[in-house]
Every structure is written in structure tokens, then in C-alpha cells.
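Visitor: Below is a structure I'd like to ask you about.
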Amino acid sequence: MNKKTFLEISEKYDLEIERIVNEIKKQKAQKVLLQFPEGMKPYAQVISDELKNRTKKEFFIWMGSCFGACDVPLEVEKLGVDLIVQFGHSVWK
């Protein structure tokens, strides 16, 4: 797959980046876990990099399964994350 830019990805998906940035600030989160459905995993690093550039926080990308909001990885406690952000894969039109 060719590397997509953040701009190309955000044209296809409503990523709500400002909402995420605001929540990170509100929660005073230092470590954030990002979960993506299979269809969005190819874009995970680009999205993570964009969030890191905007917040200067530490991000982890969960590459295991994610079947919805109730699918929180048990390993999250070992990572010591302060916030989990789950993305959906509905196309933004």
C-alpha cells in the first residue's frame, strides 16, 4: 500500500482529531491507546503521528482485534495508558 497522507485520510474519514486532542487535554492523559477496526489499521501510524505532533503525548497502537466499544484489550493495564480512543470505519461523505 502506498503511504497515505493525513490530509488524504481525513478526506475519507471524519477522524474528529480536534475532539480527541481536546479530550487528551481535558483528561491530562500522557499515554493514549488507539484502537482501529481492520479497515483503518493501514492508516494507524499516520493518524498516531498527527496526534503526537499536536499533543506531544505518547501513543500506542493496538493491532489486535477491535469489534466495537466493548472490545477493550485486557493488556491495557500493563501499558499504563490514561485514555483509550477507538476509531470507527464509516466513510465520511
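What follows draws every value from the coordinates through simple rules; no lab data is involved. None of these values were measured; they are calculated from a predicted model. Counting neighbours? That spans all protein chains shown, and the Cβs are built from the backbone with ideal geometry, glycine included.
Visitor: Order these by the 10 Å Cβ neighbour count, fewest first: 40, 63. List each step's numbers first, then the result.
Guide: Numbers: 40 19, 63 10.
By the 10 Å Cβ count, ascending, the order reads 63, 40.
Visitor: Now for a separate question. List the aspartates and glutamates whose alpha-carbon lies under 20 Å from that of residue 28, not counting same-chain residues fewer than 8 positions away?
Guide: List returned: 16, 18, 49, 50, 58, 77, 82.
Visitor: How much length, in nm to one decimal, is gained on full extension between residue 78 and residue 30, taken as 0.36 nm per residue of separation minus their Cα-Cα distance?
Guide: Working: separation 48, 0.36 × 48 = 17.28 nm, distance 1.48 nm.
Additional length available on full extension: 15.8 nm.
Visitor: To continue, here is another question. Count the net charge of all other residues whose Cβ sits under 12 Å from the Cβ of residue 58, scoring Lys and Arg as +1 and Asp and Glu as -1.
Guide: Values: positive: 31, 52, 56, 57; negative: 82.
That works out to +3.
Visitor: Between their Cα atoms, which of 12/57; 12/56; 31/78 are more than 22 Å away from each other?
Guide: On the way: 12/57 25 Å; 12/56 25 Å; 31/78 12 Å.
Pairs exceeding the cut-off: 12/57; 12/56.
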